[in-house]
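Worksheet: the structure to be examined is printed underneath.
The values are calculated or read from the model by the stated rules, or taken from the named source; none is laboratory data. Not measured: the values here are computed from a predicted model. Neighbour counts run over all protein chains shown; Cβ positions are idealised from the backbone, glycine included.
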Amino acid sequence: MRSRVYINPLILAIISFLWIPGVSAAQPLKIFHIDVEQGDATLFVSPNNKTLLVDSGKNGHGARINSILQELQIDTIDVFVNTHYHEDHYGGVDELVRDFNIHIRRTYDRGDKDFISDSKRNQASFQDYYEFVGHRATHLTRGMSIPFDEEIDVTCIASGGVVLGEVDPVPAVYENDMSLALLLQFREFKYFIAGDIGVTTEDKIAHRDIVTSVDVYQANHHGSHTSSSWLLLEDLRPTVVVISNGNHAGYMHPRATTLNKFKMLDPQPAVFQTNKYYQGRLGANTADEFIADLESVDQDGTIEVAVDNETTIITVRYRDQEMHFPVKRAGEKSPLKIESLLPNPIGPDRQLELVTIKNTSDDTIPLSGWFLRDRSGKVWTLSLEQHIEPHSTLKFIRNGMAMSLNNDGDEIILINPSNEVVDRFQYSGSTEGEIIFAN
Ligand SMILES: [Zn+2]
């Protein structure tokens, strides 16, 4: 049975009725996916009126960013982040400074300017970027956090293709894959934005389960077929996807294959586009009602995502539309994880297969109601043990349980007492006596 993430209209009406009059004076977090056609410019305005701009569209699109800033009466960007050195991500920033007197306090980029090509270095738009902000940019590396707002964590997950937790760092080969990847967390709300990273960097993030169960995902690389890998999507499981795209015949964003992947997720996310794509062939569109600019020529395709201060409801606004989605509950951020499996023990599998479960929380977790399930649907209950201590692991020996750890590979899922899947462990084979650890 597929479950939809949308709140049905009746419930929505009730929530709106209950919520809007009751909202306290505390401001929401607002995120503007500014319509810069084929490019990115994402403006975050915190409840304390702090501003973070991630990318700045193409040359000439500084005016579009400025018009949003004027509407909000903002003349200072506290932090500007350039995800990577492509013009559709830094083109407009010099215009903001030079033509519109926007003050930019701090800038971060992916560094490594000594290693970029001469053709890039000599490109006029890159020189503009460098002259106005890039020369004083801080090189953002994995694990660093950006001082945006004291209530909001912004952590760098990847930079230059090197991801958090990578032991022997292997830098990316392509500029897109070198993009800065950021995870923004505001109380219960999680948002992932990563410029134009593609499958290589995405899968490195996914293999380490660094970013899981987000609320909003700004689709990598404008919804390209070279991004939004299935492994990453299975980790992210976003409620809302926003694609910043233009009606560009060459790039054909978003790609039909990418939109199809979003549809395969369960629950299926709501997918929004800044602009409708009209050029045929490999590109495609989400439903018209989820597209902000149906003409794709002017600048009215900006999509605002707002999150109330209690981080309960996500509101998506564009043209005359407004939709609401629940922020994922803390219960979904599971305290228990599968740490390792032994599918092929020395001795009888039916007795000696082994699963190790880790409690990553500060609480003692009762095990009643927790169980594992394999691809065939058979289960292995964990409640023979009473509880698991904080920050400790417990080993569970199969001892005749119906569910087996298939020696040829399997997917084992961990299910909590509310019947929610809270962890997945995939492996593709086994060696006798070898324990397989989660990445
Ligand atoms: Zn791009």
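Pick out the one residue from Gly301, Gly280, Gly246 that is of a type outside the set (D, E, K, R) and on the phi > 0 side of the Ramachandran plot.
Numbers: Gly301 fails: on the phi > 0 side of the Ramachandran plot; Gly246 fails: on the phi > 0 side of the Ramachandran plot.
Answer to the selection: Gly280.
Filtered by the rule that a residue be aliphatic (A, V, I, L, M) and touching a helix residue (DSSP H, G or I) at 6+ places or on another chain (Cβ under 6 Å), segment 158-179 gives Ala158, Val163, Ala172. Can you say whether Ile338 is more than 20 Å from the chain's Cα centre (by Cα), within 28 Å of Gln185 (Cβ to Cβ), in contact (Cβ under 8 Å) with a residue 60 or more places away in the chain and not assigned by TED's automatic domain parsing to the domain that holds Val45, as far as the supplied structure shows? For Ile338, the condition - more than 20 Å from the chain's Cα centre (by Cα), within 28 Å of Gln185 (Cβ to Cβ), in contact (Cβ under 8 Å) with a residue 60 or more places away in the chain and not assigned by TED's automatic domain parsing to the domain that holds Val45 - is met. Given the structure, is Val305 touching a residue at least 12 places away in the same chain (Cβ under 8 Å), outside the structural domain of Phe425 (by TED's automatic domain parsing), within 25 Å of Asp235 (Cα to Cα) and crowded, with 18+ Cβ neighbours inside 10 Å? Taking the combined requirement at face value, the residue satisfies it.
You will find that of Ile205, Ile243, Ile193, Ile210, the residue that is assigned by TED's automatic domain parsing to the domain that holds His324 and surrounded by fewer than 24 Cβ atoms within 10 Å (Cβ to Cβ) is Ile210 and no other.
In the set (1) away from the ligand (no atom under 16 Å from the Cβ); (2) modelled with pLDDT under 95; (3) hydrophobic (A, V, I, L, M, F, W, C), the condition left unmet by Trp230 is number (2). Every test in (1) in contact with a Leu (Cβ under 9 Å, 6 or more places away or on another chain); (2) without any contact (Cβ under 8 Å) to a residue 40 or more places away in the chain; (3) not hydroxyl-bearing (Ser, Thr, Tyr) is passed by Glu234 save one, and that test is (2). The set of residues from segment 91-100 being farther than 11 Å from Phe132 by Cα and in contact with a strand residue (DSSP E or B) (Cβ under 8 Å, 6 or more places away or on another chain) is empty.
Among the acidic types (Asp, Glu) and assigned to a helix (DSSP H, G or I) - does that describe any residue in segment 209-216?
No, the conditions are met nowhere in segment 209-216.
Scan segment 271-292 and give yes if some residue there is modelled with pLDDT of 95 or more, under 28 Å from Leu164 (Cβ atoms) and basic (Lys, Arg), otherwise no. Looking through segment 271-292, none of the residues is modelled with pLDDT of 95 or more, under 28 Å from Leu164 (Cβ atoms) and basic (Lys, Arg).
Condition (residue is more than 16 Å from the ligand (Cβ to nearest atom), out of contact with any helix residue (DSSP H, G or I) (no Cβ under 6 Å at 6 or more places or on another chain) and of a type in the set (A, V, I, L, M)) applied to segment 51-61: is it met by at least one residue? Within segment 51-61, one or more residues are more than 16 Å from the ligand (Cβ to nearest atom), out of contact with any helix residue (DSSP H, G or I) (no Cβ under 6 Å at 6 or more places or on another chain) and of a type in the set (A, V, I, L, M). Residues in segment 201-225 that are within 16 Å of the ligand (Cβ to nearest atom) and closer than 14 Å to Met178 by Cβ: Thr201, Glu202, Asn220, His221.
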